[in-house]
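A short write-up of the structure that comes next.
Read the figures in this text as sums done on the coordinates, not as results from a lab. Keep in mind the model is a prediction, meaning the values are calculated, not measured. Here the Cβ is made from the backbone with ideal geometry for all residues, glycine too, and neighbour counts use every protein chain on show.
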Amino acid sequence: MKRFIVVLTGLLLTLALASPAAAQATSITQTVHDVTVTLVDVIPCTGAPATITLTYNGVFHITTLPGGELWVTFTQTGTVTAVPVDPTQPTLTGRFTVWGNQNVNEQNSNMTFTFTTRLSDGSVFHDTAHYTMNANGEITTVFDKPSCH
């Protein structure tokens, strides 16, 4: 009888651990405030080289499952100052928002990214980029659609 109880307990534990309820997701959320980054790049819509300073708040969230599935999303929003390398051009200020997500599972992987900046000269830069990859590692959809207005 003792051996039966041990075998039955082992069988029940095996079934319980193999159940979907045991496949627990792991989630991490990170919030940041008043992060400042300075880089040299070009001003969207003008193409003028500039020293660009971003100050932002952001939220990053990652969820993983034991089977290898992954979900990531983030949002950053803040202020931007662009000081052109050419001192005859005006310094621009404004606001920006960046959002992105990525999903990975056994069937596919995809990522979408959006970026919007509104600057003091009235220009608005928006970009949406996306890709989808199938289980064979082939990219089936890809696009990047920047626009200025």
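Viscosity 1.567 mPa s, temperature 4 °C: give me the Stokes-Einstein translational D for region 24-148 in µm²/s, with Rh taken as the Kirkwood radius over C-alpha pairs.
Values: Rh = 16.4 Å.
Rounded, D is 79 µm²/s.
Among residues other than S109 whose Cβ falls under 15 Å from its Cβ, what is the net charge (Lys/Arg +1, Asp/Glu -1)?
Surrounding charge for S109 is -3.
Considering all projection directions equally, how large on average is the shadow of the alpha-carbon convex hull of region 80-147, in square nanometres?
Mean orientational projected area (region 80-147, Cα hull): 5.7 nm².
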